[in-house]
Every structure is written in C-alpha cells, then in structure tokens.
Amino acid sequence: MPIHLFLASQSPRRRELLRQIGRAFDVLDVDVPERREPNETPEDYVSRVAREKAGAGLLQVAAVHEAVVIGADTEVVLDDEVFGKPADAADAAAMLRRLSGRSHRVLSAVWCVSAGREEHALSVSTVEFAPMSEADIADYVATGEAFGKAGAYAIQGHAAAYVRRLDGSHSAVMGLPLHETSVLLRRFESA
C-alpha cells in the first residue's frame with residue numbers, strides 16, 4: 001500500500017539518512033520538550049520522546065490520506081545519566097571530558113505512526129572513545145560540531161577520530177537507525 005511519509009524532525013542528519021535509503025518524504029516541524037521524568041529509564045525516555053514527536057507530527061497531517069509519520073530521538077547514556085545537547089561550550093567540554101577514554105551507550109528510538117497504527121523500535125549501540133586531552137576537547141568544541149548533538153559529538157564528523165570502537169548501528173548514533181526504520185516502513189507498506 002502506498003504511504004505518504006513524513007519526518008517529524010528538523011535534523012539535517014535525519015533527513016540525510018532517510019534520503020540515503022531512497023525514501024521520499026516531507027518534513028514536519030514539531031516542538032516536543034525533551035525532559036526526562038523522575039524514575040524514567042533512559043530507554044523509556046528516548047522511546048517516549050520519539051513517540052511524542054511522531055504523535056505531534058501526525059496531528060499536523062491528520063487529513064492527509066495514508067500519512068505515516070516518523071519520530072525519532074537519540075540520546076547518549078553514560079552509566080544511567082542521559083547526556084542531551086550541550087547548553088554551551090563549557091557544557092560540551094564537560095560532557096566530552098566524561099566520555100573520554102570510556103564506553104557509553106547510544107539509544108536511538110524510532111516510532112512510525114499513522115491514523116490506525118503505531119510501531120516502534122529501539123537501537124542500542126556502544127561507543128568507546130579514546131582518551132581526549134584538554135587540547136583535543138578544546139579543538140573539537142571549537143569546530144562547532146558539538147552543538148545540537150546529544151553527548152556533544154557527531155560521529156560522522158571530526159569526532160570520528162576519537163571513536164575507538166562502535167558496536168551497533170552507525171546510522172543510529174547519527175540519529176536514525178536505518179535498518180529498524182526500513183523494517184517498520186515495510187510493515188506499514190505491506191499492511
């Protein structure tokens with residue numbers, strides 16, 4: 001069944017990734033608060049935010065026949081702490097100091113919703129950073145890449161020089177787990 005696909009995200013990375021798998025889509029601008037609730041697990045948090053983005057997008061296109069909306073959220077988790085987007089350069093540097101020389105998880109949730117159905121998936125990747133000196137951190141923050149990125153880094157950019165190991169999905173760490181997204185969309189199309 002043909003669907004009319006929408007991406008509820010202004011992220012250039014998510015648009016690029018969705019285009020990479022040959023999907024035609026329209027972009028929706030949604031505004032969903034990204035605040036973790038007390039006692040909410042990192043997995044529940046990332047899934048809830050992705051669902052809220054998809055739901056907010058669906059409200060905008062409710063009149064569109066066969067509309068399917070993708071909502072996604074990606075967060076960096078060290079121990080049980082969720083690292084969102086840094087507030088400023090000092091915050092970015094502090095995040096990178098904590099990630100330096102350690103492994104952390106990247107949780108990337110994707111929800112596909114339509115008027116009559118919802119499906120979702122969660123991708124969990126482990127990223128190990130090499131040790132970063134204070135000069136490395138300062139140089140990286142100065143590139144500007146740290147801003148607007150969970151955990152203050154972009155794996156597809158200069159930060160790749162510090163990624164010692166990745167177990168999981170490169171696209172999920174960038175912001176949209178492509179394998180999981182493709183599987184969900186195929187399910188919607190075959191319904």
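Brief remarks on what is shown
- Ligands, DNA and RNA left out, the 1.4 Å accessible surface of the range 80-191 is 51% carbon and sulfur atoms.
- Normalised by the number of residues in the chain, the mean separation of alpha-carbon contacts (under 8 Å, six or more apart) gives a relative contact order of 24 percent.
- Using alpha carbons only, the radius of gyration of the chain set against its Kirkwood radius gives Rg/Rh = 0.99.
- Summed residue charge, Cβ within 11 Å of residue 49's Cβ, Lys/Arg positive, Asp/Glu negative: -2
- Pair residue 19, residue 186: separation of 7 Å Cα→Cβ label points (nm): 2.5
- Against the chain, whose longest principal axis is taken from its Cα atoms, helix 178-190 shows a tilt of about 10°.
- Around residue 21: net Lys/Arg minus Asp/Glu count, Cβ-Cβ under 14 Å: +3
- Under a model in which nothing but the beta-carbon of Lys, Arg (+1) and Asp, Glu (-1) is charged, the chain shows a dipole of about 460 debye around its Cα centre.
- CD proxy at 222 nm, helix term only [per DSSP H run n ≥ 4: -39500 (n - 2.57); per residue of the chain; nearest 500]: -10500 deg cm²/dmol
- A dipole drawn for the chain from +1 and -1 charges on Cβ atoms has a positive end, and of 170, 150, 22 the residue lying farthest that way is 22.
- Per-q log10 I(q)/I(0), the range 124-191, q = 0.22, 0.25, 0.29 Å⁻¹ (Debye; single scatterer per alpha-carbon; no solvent): -0.94, -1.11, -1.31
- Cα centroid separation - the range 1-73 against the range 107-129, whole Å: 10
- Over the chain, accessible surface divided per residue gives 46 Å², non-protein components excluded, 1.4 Å probe.
- Cα lying deepest toward the dipole's positive end in the range 41-103, options 64, 95, 78, charges on Cβ: 95
- Simple label model, 7 Å out from Cα along Cβ direction - residue 133 to residue 80, nm: 3.7
- GNM flexibility winner over the chain from 82, 32, 127 (Cα, springs under 10 Å): 32
- Kirkwood radius and radius of gyration were both taken over the C-alpha atoms of the range 17-127, and their ratio Rg/Rh is 1.02.
- The largest accessible area among 181, 143 belongs to the first residue in 143, 181, and the rest follow in falling order (1.4 Å probe, all chains).
- Computed on the range 1-60, the Cα convex hull volume stands at 111 Å³ per residue.
The values are calculated or read from the model by the stated rules, or taken from the named source; none is laboratory data. This one's a predicted model, so the numbers in the text were calculated from it and none came from an experiment. We place every Cβ from the backbone using ideal geometry, glycine too, and count neighbours over all the protein chains shown. The protein model used for the area step is the full one, side chains on, heavy atoms only, and it has no ligands, DNA or RNA in it. Shrake-Rupley method; radii C 1.70, N 1.55, O 1.52, S 1.80 Å.
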